[in-house]
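The values are calculated or read from the model by the stated rules, or taken from the named source; none is laboratory data. Everything numeric in this text was worked out from a predicted model, so none of it was measured. We place every Cβ from the backbone using ideal geometry, glycine too, and count neighbours over all the protein chains shown.
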């Protein structure tokens, strides 16, 4: 797979949606060329340590429920998720809680389709990085 294919909207799949609602396909770790992170649900040996020990991903409530996403938890949204959501809304203009509510409403398949449209660069067709706020391929800023 070339860098262009790795950054294209078709690379976003349901497997890249983390339990917390993060679209790992938009993460700078996933979109970078070298030492690419496989996303929250990918193999641990290829992830940064902070992703491996993520307290949301390793949550006992989530593991006990055998659910895929935090929205199914009786504690949703828990304090950890609210804190993460606040940081992402403030810094990056994305809400994980809203993502999870949308997944709950329309399903993960339709959510992925919506994300592909929402985060595709209108200039070159590659993905816009949620952390950088622009397209890593052509540099265009998110509208």
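Checked against (1) in contact with a strand residue (DSSP E or B) (Cβ under 8 Å, 6 or more places away or on another chain); (2) free of Cβ contacts under 8 Å to residues at least 40 places away in the same chain, residue 40 passes all but condition (1). Taking the listed residues 135, 129, 73, the one that is under 16 Å from residue 23 (Cα atoms), surrounded by 15 or more Cβ atoms within 10 Å (Cβ to Cβ) and over 14 Å from the mean Cα position of the chain (by Cα) is 135, with no other qualifying.
Among residues of the range 1-11 being assigned to a loop (DSSP other than H, G, I, E, B) and surrounded by fewer than 16 Cβ atoms within 10 Å (Cβ to Cβ), the one that is modelled with the lowest pLDDT is 1.
For residues that are loosely packed, with under 14 Cβ neighbours inside 10 Å and over 19 Å from residue 87 (Cβ atoms), scanning just the range 12-45, find the one that is modelled with the lowest pLDDT. I'd like the intermediate steps shown before the answer.
First pass over the range 12-45, keeping only residues loosely packed, with under 14 Cβ neighbours inside 10 Å: 14, 28, 33-35, 43-45.
Next, from what is left, pick out any that are over 19 Å from residue 87 (Cβ atoms): 14, 33-35, 43-45.
Numbers: 14: 93, 33: 78, 34: 83, 35: 84, 43: 85, 44: 82, 45: 83.
Among them, the one singled out is 33.
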